[in-house]
1. Within the set of pairs 6 or more residues apart or between chains, which connect a residue that is not assigned by TED's automatic domain parsing to the domain that holds Lys49 and at pLDDT below 75 inside the stretch 79-108 to a residue that is assigned to a loop (DSSP other than H, G, I, E, B) and not aromatic (Phe, Trp, Tyr) with Cβ atoms less than 8 Å apart?
2. How many residues are at pLDDT below 85 and among the small types (Gly, Ala, Ser) when one looks only at the stretch 45-54?
3. Would you check which residues across the stretch 137-152 are surrounded by fewer than 10 Cβ atoms within 10 Å (Cβ to Cβ) and part of a strand (DSSP E or B) and list them?
4. Only one of (1) touching a residue at least 12 places away in the same chain (Cβ under 8 Å); (2) surrounded by 13 or more Cβ atoms within 10 Å (Cβ to Cβ); (3) assigned to a helix (DSSP H, G or I); (4) under 49 Å from the mean Cα position of the chain (by Cα) fails for His47. Which number is that?
5. From the set of residues in the stretch 8-44 that are within 30 Å of Arg77 (Cα to Cα) and not in a helix (DSSP H, G or I), which is modelled with the highest pLDDT?
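The values are calculated or read from the model by the stated rules, or taken from the named source; none is laboratory data. The model shown is predicted, which means the values in this text are computed figures rather than measured ones. Note that each Cβ is placed from the backbone with ideal geometry, even for glycine, and that neighbours are counted across all protein chains shown.
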Amino acid sequence: MSPERKRRTVESVRRRLGPEKASERRVCRVLGQPRATQRYQSKRAEHDKQLLAAMRSIAAERPCWGSPQVYEALRRRGHAVNHKRVERLWREHGLQVPKKRHKRKRLSLGGSENSCVRRRPEHPNHIWSYDFVTDSTERGRQLRMLCVLDELPLASFNPRPREGAICNARHGYQDESFQSAPP
């Protein structure tokens with residue numbers, strides 16, 4: 001049990017029994033608390049208030065500084081203080097360096113001014129989107145497809161190649177099945 005806790009226990013026992021029935025000397029002897037420790041009054045609180053005010057003013061000036069930098073600034077300002085005391089006060093009073101703010105990532109609005117997210121299509125053939133899609137067959141062969149889409153919902157390509165249709169990378173489909181849907 002800490003001395004501070006024993007001190008509070010001695011005081012509560014004396015309050016319950018009454019000071020005339022239980023003297024401080026007798027309660028301290030029973031609980032094993034030295035009387036000098038019982039009567040001790042900390043001077044730390046007054047000094048800590050001044051130190052804490054100085055720490056808060058430095059932290060307000062330099063919000064990104066942590067306790068080591070604040071400790072150095074206190075020493076430069078003439079405070080004779082131990083780094084452990086600064087760290088204890090820093091921790092006890094919840095002083096913290098603000099979390100690092102990361103640059104906000106752009107939303108996926110597309111890179112182009114004509115992006116369908118930035119601009120809405122007004123008529124057919126106004127805004128087109130494309131995407132490369134890769135898939136594989138049951139036999140393990142890789143299929144690569146270019147999907148092209150008019151962003152106006154009523155008009156889009158309807159690619160339905162027949163089985164065995166040939167796709168030429170330079171010239172696109174050489175097949176009549178690759179048609180534009182009616183608007």
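1. Listed by first residue and then by second, the contacts come to Pro98/Pro63; Pro98/Cys64; Ser108/Val117.
2. 1
3. Passing the criteria: only Gln142.
4. (1)
5. That would be Gln41.
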